[in-house]
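Notes follow once the structure below has been shown.
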Amino acid sequence: MIGKAAAKANLNNFMEKLPVEIVHVEKDIMFKAGALKCQFRRDLSYNDCTIIALSLNQKLLLHTTEKEFKKKVPSLKVVEHGF
């Protein structure tokens, strides 16, 4: 499986295994995400920075398949998945 089909299968798998909640992004999160994007402009996307900022602000565990988040932001609490 490659491309869109693989992405769809991975996302469905993720959503079936874990509860997903869609939240409104507050300004303080947007500003923190922007600061992270400036700090890691080549390494992290805006989406990455937004979920990291939200996780840090609300002291949440971040479930991800990305291996570099914890190295970049040591204070981030990460649970890595290997779908």
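Annotations
- Against the main long axis of the alpha-carbon atoms of the chain, helix 27-39 sits at an angle near 90°.
- The C-alpha atoms of the chain define a longest principal axis, and helix 46-57 lies at about 70 degrees to it.
- Estimated distance in nm for a label pair at residue 25 and residue 81, the labels positioned 7 Å out from Cα along Cα-to-Cβ: 2.0
- Column: log10 I(q)/I(0), Debye, Cα scatterers of the chain, q = 0.15, 0.16, 0.21 Å⁻¹: -0.60, -0.68, -1.09
- Computed magnitude of the charge dipole of the chain (debye, nearest 20; Cβ of K, R +1, Cβ of D, E -1): 240
- Using alpha-carbon coordinates, inclination of helix 3-17 to the longest axis of the chain, degrees: 80
- Centre separation in Å (Cα based) which lies between the range 29-62 and the range 1-22: 21
- Working from label points 7 Å from Cα in the Cα-to-Cβ sense, the residue 13 to residue 46 distance is 2.9 nm.
- The GluC sites (Glu not before Pro) of the chain meeting both criteria, a DSSP state outside H, G, I, E and B (loop) and at most 10 other C-beta atoms within 10 angstrom of the site's C-beta, are 21.
Where a number appears in this text, it was derived from the coordinates with a stated rule and is not lab data. Not measured: the values here are computed from a predicted model. Positions of Cβ are backbone-derived with ideal geometry, glycine not excepted, and every protein chain shown enters the neighbour counts.
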